[in-house]
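The values are calculated or read from the model by the stated rules, or taken from the named source; none is laboratory data. It should be emphasised that the depicted structure is a prediction, and the values quoted were computed from it without experimental measurement. No Cβ is skipped: glycine too gets one built from the backbone with ideal geometry, and neighbour counts run over all protein chains shown. These accessible areas exclude ligands, DNA and RNA; they are computed on the full protein's heavy atoms, side chains included. Shrake-Rupley method; radii C 1.70, N 1.55, O 1.52, S 1.80 Å.
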Amino acid sequence: SKFKQKFKQQKLPAWQPILTADTVLPAFFLIGLLFIPLGAALLFFSENVQEFQLDYTNCKSVDSSSNGMKCLDVVKDDIYQVCTCQESFKLDRTFEKNVYLYYGLDNFYQNHRRYVKSRDDRQLLGKTLSTVSSDCSPFDKTGGKIYAPCGAIANSMFNDTLKLYRVDGDQKEEISLIKNGIAWPTDRSIKFKNPPGSLDEAGAFNGTIKPLYWRKPVYELDTNPNNTGYKNEDLIVWMRTSAFPTFRKLYRKIDHRVEGFKTGLPADSYMLEVSYNYPVHSFGGRKRMILSTTSFLGGKNNFLGIAYITVGAICLLLGIIFLIIHIKFGKR
Amino acid sequence: MYWDKPSEYVRAYYNGMDQGGRSMADQQTFGSVVATILVIVVTMQICLDTSYWTVFNHITIWGSLVFYLLLQYFYNYVIGGDYVGALSKAMGEPMFYFTSLLAIVVLMLPVMAWRFYWVDVRPSLSDKVRFKQRHDAKLASKRTDRDMLRTPSARRSRRSIRSGYAFAHQEGFGRLITSGKIMRPRNAKQGPISNGRANNARSDHGKGQ
């Protein structure tokens, strides 16, 4: 066949691109002219994302028993001590829906190698095991019972409870929050399943014990049977280890079906109430509450816009420089 | 020289979120994205180095990208790998495409600029040969087009192109003959003995090409 002949004779039709001035220079100018407005658009989208952060690491207790101590110190003395604190804040602009509530941690290295390994994915898939993976050690078993879930990641699960109130003088109105749909859909459907049986100590979780630092066992994480055990969305969100030491995780979504919040979170006075359980003092960490909207790019991130503008400008500059070089020194 | 710059991915994906507010700044997403963009960028740099693109080059180069994606999917969803959902989620968000475009341009720009400079100001021998080849090919295609029109005298006496040799002495046929266009492969079937003259001429013209 003709093709075979051409193939054997090395005469196949081919495209032979070479870098000539009349292709490269227009390319530089084109990229430059495209990237700069693109960067400006990306920056515009990012600037439109509204975000509010509140660091509550040092908030003061409102419990009568604690006498105005910082909850940080209360928890330092006794890790199981209950401490409630409140922080007031104001939103000066209305946050348009959808508004998301995150908790943020600083200086928490979820990306430490041994930490990342410390889990047993088979256990989280709901397989009944007699032993868990040695990666979970030293959080694998104790006294003949297996930790459910095992490992350092699960053990260090974030357990503060955040509540939001809208404040009007002396009145405060609790803001309704949604706790479903905060975890990745693929995680919920593929990676996390409960073991078979009833969701209690006698059935599915027979022979297990709650992780060392937890206050409640895993099957008591929620009253809703679809959101408890290994399928609890807060657990799933926590188990997706973050890449950076300063990170945020989705905690709740503002319920915009409620009257007064249908278009978003209005500019007003608010109060955050924290059940301060999570101790961060030992590693110099900080805790934050973040309220944020999203754009089609995700959260507030000016980097991409600025980067595009910078690269576009450099491209244009290079184009001009090479044009001059080509005219003056080009050999063809 | 193939290189990569993970620091920009860090800044781009820092506090990354999907459009449902869910955090995308986790390790698996970050790792999958960096690895995938790396594969794409290295493929682009291979494209830059490939100077002769036959159909096989296209198949292997684009095919390897497609194969990488298929393999990712297969390993995670079918066999049950650890990273299930990470890359597909990342690729479902516009952030990924903006980041990879930026990465490709940033990493290709210096290479292209450097090569263009050398080809333009100090072309090597092989560069000069390629330029000449392309230049000649352009001229040759232009020349034959023009020649076909520039034979008004031939139009009167032209009955069939096959016997163009008989009119070789007429004005305007010179270029047509010497281009070898009228010497069809049909002549080859007659064998080297029968049409000796035509074949001699043909082999001459073949070499002159």
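Could you work out, residue by residue across B:63-75, how many beta carbons of other chains sit within 10 Å of that residue's beta carbon, and then give the average as an integer?
Going residue by residue through B:63-75 and averaging, the value is 0.
Choose one of A:Pro279, A:Leu212, A:Ser189: the residue whose Cα lies farthest towards the positive end of the charge dipole of chain A (beta-carbon charges +1 Lys, Arg; -1 Asp, Glu; about the Cα centre).
Result: A:Ser189.
Distance check, please: which entries in A:Lys60/A:Lys216; A:Lys141/A:Lys249; A:Lys172/A:Lys231; A:Lys145/A:Lys210; A:Lys172/A:Lys253; A:Lys2/B:Lys181 exceed 21 angstrom between their Cα atoms? Write down the numbers at each step before the final one.
Details: A:Lys60/A:Lys216 25 Å; A:Lys141/A:Lys249 28 Å; A:Lys172/A:Lys231 33 Å; A:Lys145/A:Lys210 9 Å; A:Lys172/A:Lys253 19 Å; A:Lys2/B:Lys181 19 Å.
Cα-Cα > 21 Å for A:Lys60/A:Lys216; A:Lys141/A:Lys249; A:Lys172/A:Lys231; rest within.
Leaving out ligands, DNA and RNA, calculate the buried accessible area for the pair B and A with a 1.4 Å probe, summed over both sides, in Å² to the nearest 100. Before the final figure, lay out each step's value.
Working: alone 15530 and 19280 Å², together 29300 Å².
Heavy-atom accessible area buried at this interface is about 5500 Å².
Might you work out the accessible area of A:Tyr80 for me, using a 1.4 Å probe with all protein chains in place, and round it to the nearest 10 Å²?
110 Å²
If packing is taken as the mean number of other Cβ atoms within 10 Å per residue, what is the order of A:93-104, A:108-119, highest first?
Working: A:93-104: 19.2, A:108-119: 16.8.
The peptides rank, most packed first, as A:93-104, A:108-119.
Could you order the peptides A:178-189, A:8-19, A:261-272 from most to least packed, using the average number of other C-beta atoms within 10 Å per residue? Please report the intermediate quantities before stating the final value.
Values: A:178-189: 17.6, A:8-19: 12.3, A:261-272: 15.9.
Per-residue Cβ counts within 10 Å, averaged per peptide and sorted highest first, yield A:178-189, A:261-272, A:8-19.
Answer rounded, prolate or oblate for segment B:1-127, using the Cα gyration tensor with square roots of eigenvalues a ≥ b ≥ c: rounded when a/c is under 1.5, else prolate when a/b is larger than b/c, else oblate. The partial results should precede the final answer.
Working: a/c = 3.32, a/b = 1.66, b/c = 2.00.
Judged from the Cα gyration tensor, segment B:1-127 comes out oblate (a/c at least 1.5, b/c at or above a/b).
Ordering B:Val106, A:Val280, B:Val66 by accessible area with a probe of 1.4 Å, largest first, what comes out?
On the way: B:Val106 40, A:Val280 0, B:Val66 80 Å².
If we order B:Val106, A:Val280, B:Val66 from most to least accessible, we get B:Val66, B:Val106, A:Val280.
Let me see the P(r) profile for segment B:24-69: every Cα-Cα distance counted, bins of 5 Å, each bin given as a percent of all pairs.
5, 20, 24, 20, 12, 8, 6, 3, 1
Using the Kirkwood radius over Cα pairs, work out the Stokes-Einstein diffusion coefficient for segment A:1-71 at 4 °C and 1.567 mPa s, in µm²/s as a whole number. Don't jump to the answer; show the numbers that get you there.
Values: Rh = 19.7 Å.
Rounded, D is 66 µm²/s.
Segment A:272-316: which chymotrypsin sites (Phe, Trp or Tyr not before Pro) are DSSP loop and have at most 12 other beta-carbon atoms within 10 angstrom?
Details: sites: A:Tyr276, A:Phe283, A:Phe296, A:Phe303, A:Tyr308; in loops: A:Tyr276, A:Phe296.
Those that pass, being in a loop and sparsely packed, are A:Phe296.
Equivalent ellipsoid semi-axes for the protein assembly as shown, as square roots of 5 times the alpha carbon gyration tensor eigenvalues: give them largest first, rounded to whole Å. Don't jump to the answer; show the numbers that get you there.
Working: eigenvalues 977, 165, 77 Å².
That gives 70, 29, 20 Å for the three semi-axes.
Report the relative contact order of chain A, percent, no decimals, based on alpha-carbon pairs under 8 angstrom and at least 6 residues apart. Present the calculation step by step, with values, prior to reporting the outcome.
On the way: 593 pairs, mean separation 119.2, N = 332.
So the answer I get is 36 percent.
Toward the positive end of the charge dipole of the protein assembly as shown, about the Cα centre and with charges on Cβ (Lys, Arg +1; Asp, Glu -1), which of A:Pro225, A:Phe52, A:Ile306 goes farthest?
Comparing the listed Cα positions along the dipole, A:Ile306 ranks first.
Where is the GNM fluctuation largest for chain A (alpha-carbon springs, 10 angstrom cutoff): A:Gly285, A:Gly126, A:Gly203?
Per the Cα network of chain A with a 10 Å cutoff, A:Gly203 tops the list.
Starting from the amide H of A:Met69, placed 1.01 Å from N in the peptide plane, find each other amide H under 5 Å away whose residue is 5 or more places distant or on another chain.
A:Ser61
Do any cysteines in the protein assembly as shown lack another Cys Cβ under 4.7 Å, and if so which?
So far as the 4.7 Å Cβ criterion goes, A:Cys315, B:Cys47 stand without a partner in the protein assembly as shown.
Ignore the peptide's own chain and count Cβ atoms of other chains within 10 Å of each Cβ in A:9-15; give me the average, rounded. Could you put the intermediate results ahead of the total?
Values: counts 0, 2, 1, 6, 3, 9, 8.
Neighbouring Cβ atoms belonging to other protein chains average 4 per residue here.
Around A:Lys193, what is the net charge, scoring Lys/Arg as +1 and Asp/Glu as -1 over all other residues with Cβ under 9 Å from its Cβ?
Numbers: positive: A:Lys127, A:Lys191, A:Lys231; negative: none.
Summing Lys/Arg as +1 and Asp/Glu as -1 gives +3.
Would you work out the charge dipole size for chain A about its Cα centre, treating the Cβ of every Lys and Arg as +1 and the Cβ of every Asp and Glu as -1, and quote it to the nearest 20 debye? Show your work: numbers first, answer last.
On the way: 44 positive and 32 negative charges, 497 e Å.
With Lys and Arg at +1 and Asp and Glu at -1, about 2380 debye.
From other protein chains only, count the Cβ atoms within 10 Å of every residue's Cβ in A:22-29, then give the mean. Could the numbers behind the result be given before it?
Details: counts 0, 1, 7, 2, 0, 2, 4, 0.
Going residue by residue through A:22-29 and averaging, the value is 2.
Just need the Rg to Rh number for segment A:178-326, please, alpha carbons only, Kirkwood Rh. Mind showing how you got there, number by number?
On the way: Rg = 23.0 Å, Rh = 20.1 Å.
Using only Cα positions, Rg/Rh for segment A:178-326 is 1.15.
List, largest first, the extents of the alpha carbons of segment A:79-138 along their principal axes, each in whole Å.
Principal axes ranked by extent give 54, 32, 24 Å for the Cα atoms.
Could you work out, for segment B:42-115, what percent of all Cα-Cα pairs fall into each 10 Å distance bin, beginning at 0 Å and stopping at the bin that holds the largest distance?
It works out to 16, 35, 35, 13, 1, in whole percents.
For segment A:267-323, count the residues as N, evaluate 2.2 N^0.38 Å, and divide the Cα radius of gyration by that value, please.
Values: Rg = 21.4 Å, N = 57, 2.2 N^0.38 = 10.2 Å.
Relative to the rule-of-thumb radius for its length, segment A:267-323 sits at 2.10.
Rounded to the nearest 500, what is the 222 nm mean residue ellipticity of chain A from helices alone, with -39500 (n - 2.57) per DSSP H run of 4+ residues and division by all residues? Write out the running numbers ahead of the final one.
On the way: 8 runs with 88 residues, N = 332.
For chain A, the value works out to -8000 deg cm²/dmol.
Assuming 1.002 mPa s and 20 °C, estimate D for segment A:48-117 with Stokes-Einstein, Rh taken as the Kirkwood radius over Cα pairs, in µm²/s. Working shown, then result.
Values: Rh = 15.2 Å.
Rounded, D is 141 µm²/s.
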